[in-house]
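Written out below as structure tokens is the structure these notes cover.
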Amino acid sequence: MREYLLTLCITAAVTYLLTGPVRKFAIVAGAMPEIRARDVHREPTPRLGGIAMFFGLCAGLLVADHLENLNEVFADSNEPRALLSGAALIWLIGVLDDKFEIDALIKLGGQMIAAGVMVMQGLTILWLPIPGFGLFALTQWQGTLLTVALVVITINAVNFVDGLDGLAAGMVCIASAAFFMYAYRIWYGYGLEAAAPATLFAAILMGMCLGFLPHNMHPARIFMGDSGSMLIGLVLAAGAISITGQIDPDAMNLFSGSERNTVHQTVPVYIPLLLPLTIIAVPAADLVSAIVRRTWRGQSPFAADRGHLHHRLLEIGHSHSRAVLIMYFWSALIAFGALAYSVNSASMWIVLGIAALSALGLGLLLLPRFTPRAPRWAEHVVPPRYRRRRAARTGSAPALDGRQASADDSDHGDHGDRAATAPAAAAEAREPSALGLHGSTALSELSSSPRTHDRERAHERTHERERAHGLSGGTGRK
């Protein structure tokens, strides 16, 4: 575990430190596309963040290769090299797309080629554990087609969800954390070395996302672009393929005891079929809905629009940050819910907990204008938008009539923070009203300075002289 954590930290540090120079390079290279109709941001933002993430991936693999225990992964398996080859290819395609806007069909072909490169080097699905049937061995063509399909779906699902600041990186980080816990349990708990590559891939993927997130949170200073979204999608798919098609269920010695116990014990075998889908459940749902929506309108499935899930969250009233947090919540619920069910599928508390959290998530979706307020003792340490609004009141202020009182209350409701920070100004504004002066007159009198009075008197004298001169001159011209 220490070596996995060290690899994660090195990957995150390299990604974080390189993102700043990459941002300057993207600005110099002109990788700052103009604002499009479907974009949420309002200022041109550089892309090419995937460059820093790719070098973070390379640093993580290099460090793991020189560690005592993780070195066995490179000695016993060719999967890390297969991952690096496919990642380099998909990264180059993404960099070109961030700079020159490659056609969608060309990108799709590149994704299939990258998946084929990984299959040629041994990263493929060999068999499928199917409930009620057992172990189903795949032919070479079946395994290749299934692997390519899973890689392409995962890449595009992550690419589709990359629409808000920090959304794709955060969701993939949450998914990779759940996947790391699952793969580590299979590797350490059951002693299966075949799960070590998937565990390493998940740790490196977490480091890539964690290192890039500080630069990508709202307001983002740089976008990962297709060079980053396709890269992390491929790494996520590679881990799922590794642990799904390389683990032999018979080696786990689960088929013992009664039929009911066997069903419960074999849940960890069947979860790999579902966990890759639960990891990308939210992006995959967005992908399917986008394809159906666009084809129903007679458009290309790859045509861009503003109908994604994060766009709809913004339309119903959620702020940018809240929409991202809601998507984080659902991703964590689905991924860690599947993980908890794989650990103990017979526990009713897990099912009830997932149901309760789902109800909470639905409640958050239906309350877009709800703003939580911090208690009064914590108002000094939270942002201003979470503080309670206090109306500035003075005990010596005279009673106001109904119209003035309602106007004053509405003003405090809209500008409570400003009234709370300037009670003296509010009290001064009320004093002239006690003398029977009009509000605007009182404010102008209070806000005027001696220099302003001097200018006004000078203007009045000038107007008087001009008027007198005009009358006399006009009489002479007549």
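Odds and ends about this structure:
- Pair VAL28, VAL351: separation of 7 Å Cα→Cβ label points (nm): 6.0
- Once the Cβ-Cβ distance of ASP65 and LEU362 is raised to the sixth power relative to R0 = 56 Å, the FRET efficiency obtained is 0.75.
- Per-pair calculated FRET efficiency, R0 = 25 Å: CYS9 and TYR188 via Cβ, rounded to 0.05: 0.80
- Most to least accessible of ARG297, ARG47, ARG312, ARG322 (protein chains only, probe 1.4 Å): ARG297, ARG312, ARG322, ARG47
- Once both labels are positioned 7 Å from their Cα atoms along Cα-to-Cβ, the gap between ASN78 and GLU43 label points is 4.9 nm.
- Using θ = phi - 60° in the Karplus curve 6.51 cos²θ - 1.76 cosθ + 1.60, the 3J(HN,Hα) couplings for region 54-61 round to 5, 5, x, 4, 4, 5, x, 5 Hz; x is entered for Gly and Pro.
- For region 78-230, the alpha carbon positions stretch 49, 34, 29 Å along the principal axes, listed from largest to smallest.
- Sequence of TYR190, TYR4, TYR328 when ordered by accessible area, the most exposed leading, probe 1.4 angstrom: TYR190, TYR328, TYR4
- Rounded to the nearest whole Hz, the Karplus-based 3J(HN,Hα) values (6.51 cos²θ - 1.76 cosθ + 1.60, θ = phi - 60°) of region 221-226 follow the sequence 8, 7, 9, 6, x, 5, with x at glycine and proline.
- Residues with amide H under 5 Å from that of TRP127, placed H, sequence gap 5 or more: LEU138
The values are calculated or read from the model by the stated rules, or taken from the named source; none is laboratory data. Model, not experiment: these values are computed from the prediction. Don't worry about glycine lacking a Cβ; one is built from the backbone with ideal geometry, like all the others, and counts go over all protein chains shown. To get the accessible areas, we keep the full protein, side chains included, count just its heavy atoms, and leave off ligands, DNA and RNA. Shrake-Rupley method; radii C 1.70, N 1.55, O 1.52, S 1.80 Å.
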